[in-house]
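Down below is the structure, laid out as structure tokens.
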Amino acid sequence: MRRDDIIDVMRKVKRSTTDERLADMPPFSPDDRLSIRLKSGEQIVHERCAAREGHWQKPLSENELREKFLDCTESRLGRKRPRRCSRN
């Protein structure tokens with residue numbers, strides 16, 4: 001990440017892990033969780049999420065992956081559409 005606004009927000013983020021694991025896939029936790037603590041002390045908790053778009057169990061379509069790539073590279077390359085490359 002090179003955007004200053006994103007870097008500023010990332011400095012405020014604290015991550016934690018859990019010891020919970022899926023019984024049939026021990027390296028993985030059963031879900032992701034997100035909570036946000038506001039300056040006022042209020043905490044906003046999002047519902048647990050087992051597999052979001054882009055997760056290995058719910059992969060992005062080719063078009064979604066392309067759009068994600070373009071979004072991630074826009075600050076350096078602009079929004080130009082790259083030439084199509086063959087997969088062979």
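Observations
- For the stretch 15-32, the set of residues classified as of a type in the set (K, R) and at pLDDT 85 or above consists of R21 only.
- Complete set of residues in the stretch 4-17 that are more than 16 Å from the chain's Cα centre (by Cα) and open to solvent by 100 Å² or more (accessible area, probe 1.4 Å): D4, R11, K12
- Members of the stretch 49-88 that are polar (S, T, N, Q) and at pLDDT 75 or above: Q57, S61, N63, T73, S75
- Filtered residue count, the stretch 55-81, keeping only those that are of a type outside the set (V, I, T), within 26 Å of R2 (Cβ to Cβ) and surrounded by 10 or more Cβ atoms within 10 Å (Cβ to Cβ): 14
- Yes/no for R52 being open to solvent by less than 100 Å² (accessible area, probe 1.4 Å) and charged (D, E, K, R): no
- When residues of the stretch 18-47 are limited to those that are under 26 Å from C72 (Cα atoms) and assigned to a loop (DSSP other than H, G, I, E, B), the one least open to solvent (accessible area, probe 1.4 Å): D31
The values are calculated or read from the model by the stated rules, or taken from the named source; none is laboratory data. Since the structure is predicted, the reported quantities are computational estimates derived from the model, not experimental observations. Cβ coordinates were reconstructed from backbone atoms using ideal geometry, including for glycine residues, and neighbour counts include every protein chain displayed. Accessible surface is based on the protein model in full, side chains and every heavy atom, while ligands, DNA and RNA are left aside. Shrake-Rupley method; radii C 1.70, N 1.55, O 1.52, S 1.80 Å.
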